[in-house]
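Q: Structure in structure tokens, see below.
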Amino acid sequence: MRVAITSSDTQKFTKNTNFTLAEIASRSIIDLLVKSPIQKSDIDGLIVSSSSFDPYLSNINAEMVGIKPKFSTKVENLCNSGTSGILLAYSLIQSRLCKAVLVTGVDKQNSPGNKLNWDITRGIFDMPVHWASLYASNHIRKFATTAEDLASISFKNRRNANKNPNAIFFDKYITLSQILDAQVVAAPLRKFDCCYPCEGASSVLLVSEELAQKFDQPIWIIGISQNNQGASFSSVANSLDSIISTRLAAKEAFIQADLTPSDIDIAELHDAFSILEIMACEDIGFACKGQGIMVLKDNILTTNARGGLLGCGHPIGATGIDQTNEITLQLQGLADQRQINDARIGLVHNMAAAGTSTTIIILRN
């Protein structure tokens, strides 16, 4: 049984508003339904991904938008929540429990997932930037990565965000010098090396092969894998050279798809911090260790065309879905100003909490 992505929606990412999570998510669901030929009665699964503490959120959303799915639940896996929801939806359709599953990611700017105060192995260094600074320091020491290399990632992604009206930094231009001169947050990472937690919602519709025939441009999931190494930084800190969950999830997804990294035309890489895009490029296999920056600087592979987390902002539960939506739109030829030529195969890389968890999705038109 093949599974397709057929419809998507992303609301504009913003700073905190007075809307509830259910209201924000419902707006995205309704907009997707308006654009899609699917009937509400055909949707038999609803999954809401969020790092919030709001209970029964999926059922609340189902009632608000007027659908009655036989399966409804909320998924939480920190920054990896969105693609965890997609993985669950894929599994429900593969097992024939459902034929059409709507996955909606949503979070507020003050999401409890922004702070890792449950991980005592970090001591007083309980913000994500602290572990990212260790990865960056190690990469600089071992592979001669420079501050200019890190800044180039932020510059590229924020420039791309100016082609994406849904990005929180849309129409906000910044120079390479401004990035390099910005305040140090946790050395060597500066302000613009860090993504911006924000509010937002994003939705995607997965359907069975039979239902996909009703849609003009179904995009097929040909590889999907997740790997989890634990929860604490201590579970992955034995080596700062790479993110093991990314390596393992990518390896399995490529085996499923019967492809290699060289077959990928476009990728969404989880750039919560600039160093992570470089490391993801290496760990997925687009470059040898220490050479990721060259692939990105030389535009050998198009990455983060929507603006990445650095340019779009990071509403935790919605990010993985928005990443998936970008690849879907690119493969459908519907990405407007961001559209690249001849996009046939795309990859989504979504991770959480120092790389303790990673999902990889490979899509084909």
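The values are calculated or read from the model by the stated rules, or taken from the named source; none is laboratory data. These figures come from a predicted structure and were not determined experimentally. For neighbour counting, all protein chains shown are included, and Cβ atoms are generated from backbone atoms with ideal geometry for every residue, glycine included. Please note that ligands, DNA and RNA were not included when accessible areas were found on the heavy atoms of the full protein model with its side chains. Shrake-Rupley method; radii C 1.70, N 1.55, O 1.52, S 1.80 Å.
Q: If the Cβ limit is 7 Å and pairs must be 6+ apart or interchain, which residue in the stretch 55-73 that is more than 15 Å from A100 (Cβ to Cβ) pairs with which residue that is in a helix (DSSP H, G or I) and of a type in the set (V, I, T)?
A: Final answer for the pair search is N61/I29.
Q: Select from the stretch 163-213 the residues that are assigned to a loop (DSSP other than H, G, I, E, B), over 28 Å from T146 (Cβ atoms) and open to solvent by 10 Å² or more (accessible area, probe 1.4 Å) and list them in ascending order.
A: The first filter runs over the stretch 163-213 and keeps only residues assigned to a loop (DSSP other than H, G, I, E, B), leaving 163-175, 181-183, 187-188, 195-196, 198, 213.
Remaining after also requiring over 28 Å from T146 (Cβ atoms): 165-166, 170-171, 198, 213.
Those that are assigned to a loop (DSSP other than H, G, I, E, B), over 28 Å from T146 (Cβ atoms) and open to solvent by 10 Å² or more (accessible area, probe 1.4 Å): P165, N166, F170, D171, Q213.
Q: Name, by its number, the condition in (1) touching a Phe, Trp or Tyr at 6+ places or on another chain (Cβ under 9 Å); (2) open to solvent by 10 Å² or more (accessible area, probe 1.4 Å); (3) of a type in the set (S, T, N, Q); (4) modelled with pLDDT of 95 or more that does not hold for S232.
A: (4)
Q: State whether one or more residues within the stretch 74-84 are aliphatic (A, V, I, L, M) and either out of contact with any Gly (no Cβ under 6 Å at 6 or more places or on another chain) or open to solvent by 50 Å² or more (accessible area, probe 1.4 Å) (or both). Can you show your working first?
A: Initial filter on the stretch 74-84 (aliphatic (A, V, I, L, M)): 75, 78.
Within this subset, residues satisfying the condition of being either out of contact with any Gly (no Cβ under 6 Å at 6 or more places or on another chain) or open to solvent by 50 Å² or more (accessible area, probe 1.4 Å) (or both) are none.
There is no residue in the stretch 74-84 that is aliphatic (A, V, I, L, M) and either out of contact with any Gly (no Cβ under 6 Å at 6 or more places or on another chain) or open to solvent by 50 Å² or more (accessible area, probe 1.4 Å) (or both).
Q: List the residue pairs whose Cβ atoms are under 6 Å apart, where the first residue sits in the stretch 314-336 and is in contact (Cβ under 8 Å) with a residue 12 or more places away in the chain, the second is basic (K, R) and not in a helix (DSSP H, G or I), and the two are 6 or more positions apart or on different chains.
A: What qualifies is E326/R306.
Q: Another one. Report yes if L309 is more than 17 Å from N350 (Cβ to Cβ), of a type outside the set (D, E, K, R) and part of a helix (DSSP H, G or I), otherwise no.
A: Judged against the criteria, L309 is not a match.
Q: Inspect the stretch 6-29 for any residue being among the basic types (K, R), surrounded by fewer than 20 Cβ atoms within 10 Å (Cβ to Cβ) and free of Cβ contacts under 8 Å to residues at least 60 places away in the same chain and give the result as yes or no.
A: Within the stretch 6-29, none of the residues are among the basic types (K, R), surrounded by fewer than 20 Cβ atoms within 10 Å (Cβ to Cβ) and free of Cβ contacts under 8 Å to residues at least 60 places away in the same chain.
Q: Might you let me know whether the stretch 124-147 holds any residue that is modelled with pLDDT of 95 or more, aromatic (F, W, Y) and open to solvent by 50 Å² or more (accessible area, probe 1.4 Å)?
A: Checked the stretch 124-147: at least one residue is modelled with pLDDT of 95 or more, aromatic (F, W, Y) and open to solvent by 50 Å² or more (accessible area, probe 1.4 Å).
Q: Ok, one more. Tell me, please, whether a residue that is under 19 Å from I284 (Cα atoms) and buried (at least 24 other Cβ atoms within 10 Å of the Cβ) can be found in the stretch 330-347.
A: Within the stretch 330-347, one or more residues are under 19 Å from I284 (Cα atoms) and buried (at least 24 other Cβ atoms within 10 Å of the Cβ).
Quick grid of which residues meet (1) of a type outside the set (D, E, K, R); (2) assigned to a strand (DSSP E or B); (3) touching an Asp or Glu at 6+ places or on another chain (Cβ under 6 Å):
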residue	(1), (2), (3)
F19	yes, no, no
E23	no, no, no
S28	yes, no, yes
L33	yes, no, no
V48	yes, yes, no
S51	yes, no, yes
N59	yes, no, no
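Q: Test each condition in (1) without any contact (Cβ under 8 Å) to a residue 40 or more places away in the chain; (2) buried (at least 24 other Cβ atoms within 10 Å of the Cβ); (3) over 15 Å from the mean Cα position of the chain (by Cα) for M279 and report the one that comes out false.
A: Among (1) without any contact (Cβ under 8 Å) to a residue 40 or more places away in the chain; (2) buried (at least 24 other Cβ atoms within 10 Å of the Cβ); (3) over 15 Å from the mean Cα position of the chain (by Cα), the lone unmet condition for M279 is (1).
Q: Another question, then. Confirm whether I284 is touching a residue at least 60 places away in the same chain (Cβ under 8 Å), closer than 25 Å to I5 by Cα, touching a Pro at 6+ places or on another chain (Cβ under 8 Å) and surrounded by 16 or more Cβ atoms within 10 Å (Cβ to Cβ).
A: Details: touching a residue at least 60 places away in the same chain (Cβ under 8 Å): yes; closer than 25 Å to I5 by Cα: yes; touching a Pro at 6+ places or on another chain (Cβ under 8 Å): yes; surrounded by 16 or more Cβ atoms within 10 Å (Cβ to Cβ): yes.
So I284 passes the test.
Q: Counting just the residues of the stretch 287-304 that are aliphatic (A, V, I, L, M) and part of a loop (DSSP other than H, G, I, E, B), which one comes out most open to solvent (accessible area, probe 1.4 Å)?
A: Taking the stretch 287-304 first, the residues aliphatic (A, V, I, L, M) are 287, 293-296, 300-301.
Adding the requirement that they be part of a loop (DSSP other than H, G, I, E, B) leaves 287, 300-301.
On the way: A287: 17, I300: 123, L301: 16 Å².
Only one residue tops the list, namely I300.
Q: Please verify whether R344 is of a type in the set (D, E, K, R) and more than 12 Å from the chain's Cα centre (by Cα), treating the condition exactly as stated.
A: yes
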